[in-house]
Ligand SMILES: C[S@@+](CC[C@H](N)C(=O)[O-])C[C@H]1O[C@@H](n2cnc3c(N)ncnc32)[C@H](O)[C@@H]1O
């Protein structure tokens, strides 16, 4: 029988986790050692661009040499400014999310207008590369927003 890989759950700020105990140039942290798989789902877009860079750098210092970061999130089109991204996302909700009440849709609009800062899909791979990651898109959704990338140590 195959035994499950070691796994532990923690609830905390993802940026603090990435920076916690990381030592530039060394894999892992003093507390946990290297991590095989880092997965983030639709959370990193809540960080500023500067914080995204810090997250990528910290996560890179914590991942095992043969590990990976699976990053599912929303991203802006190449060169698209945040306002344009928000406008088309709001249109998408107003026109397409017809099965939920309008006030629920408005709640989502209010949330993303205040808290969503998706990375530029064309620039983020260079930021990742500068932090020591090789970037590969695994999937990009039809709405030019949701996507999944696999990052592996360079
Ligand atoms: C759009 S929800 C995604 C929830 C879930 N991960 C999923 O994929 O369905 C965004 C989540 O990011 C979390 N989040 C935002 N900023 C965070 C941070 N700095 N550290 C950890 N989680 C954060 C929020 O608490 C929220 O649960």
- Message: Neighbour counts of other C-beta atoms within 10 Å: give me 20, 103 arranged from fewest to most.
- Response: 103, 20
- Task: Highest first, please rank the peptides 34-41, 91-98, 117-124, 54-61 by the mean number of other Cβ atoms sitting within 10 Å of their residues.
- Result: 54-61, 117-124, 34-41, 91-98
- Message: Which one, 63, 108, 74, has the greatest fluctuation when you compute a Gaussian network model over the chain with C-alpha springs under 10 angstrom?
- Response: 108
- Quick calc: nm separation of the 7 Å Cα→Cβ label points for residue 95 and residue 40 -> 3.1 nm
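In square nanometres, what is the average projected area of the Cα convex hull of the chain?
Values: hull surface 44.7 nm².
Orientation-averaged projected area of the Cα hull: 11.2 nm².
By how many nm would the segment from residue 140 to residue 152 lengthen if fully extended, with 0.36 nm per residue of separation less the alpha-carbon distance?
Numbers: separation 12, 0.36 × 12 = 4.32 nm, distance 1.82 nm.
The residue 140-residue 152 span can extend by a further 2.5 nm.
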- Query: Which whole-number percent gives the relative contact order of the chain, counting Cα pairs below 8 Å spaced six or more residues apart?
  - Reply: 26 percent
- Message: Would the stretch 95-154 count as rounded, prolate or oblate if I go by the C-alpha gyration tensor, calling it rounded below 1.5 in a/c and otherwise prolate when a/b exceeds b/c, oblate otherwise?
- Response: prolate
- Note on the structure: If the chain between residue 16 and residue 126 were fully extended at 0.36 nm per residue, the gain over the current Cα-Cα distance would be 37.3 nm
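So how do 46, 143 line up by other beta-carbon neighbours within 10 Å, fewest first?
In increasing order of surrounding Cβ atoms, one gets 143, 46.
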- Query: If you count the DSSP beta bridges with both ends in the stretch 35-153, what percent of them are antiparallel, to the nearest 5?
  - Reply: 60 percent
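No lab work stands behind these numbers, since they all come straight from the coordinates. Computed from a predicted model, the values in this text were never measured in an experiment. Neighbour counts run over all protein chains shown; Cβ positions are idealised from the backbone, glycine included.
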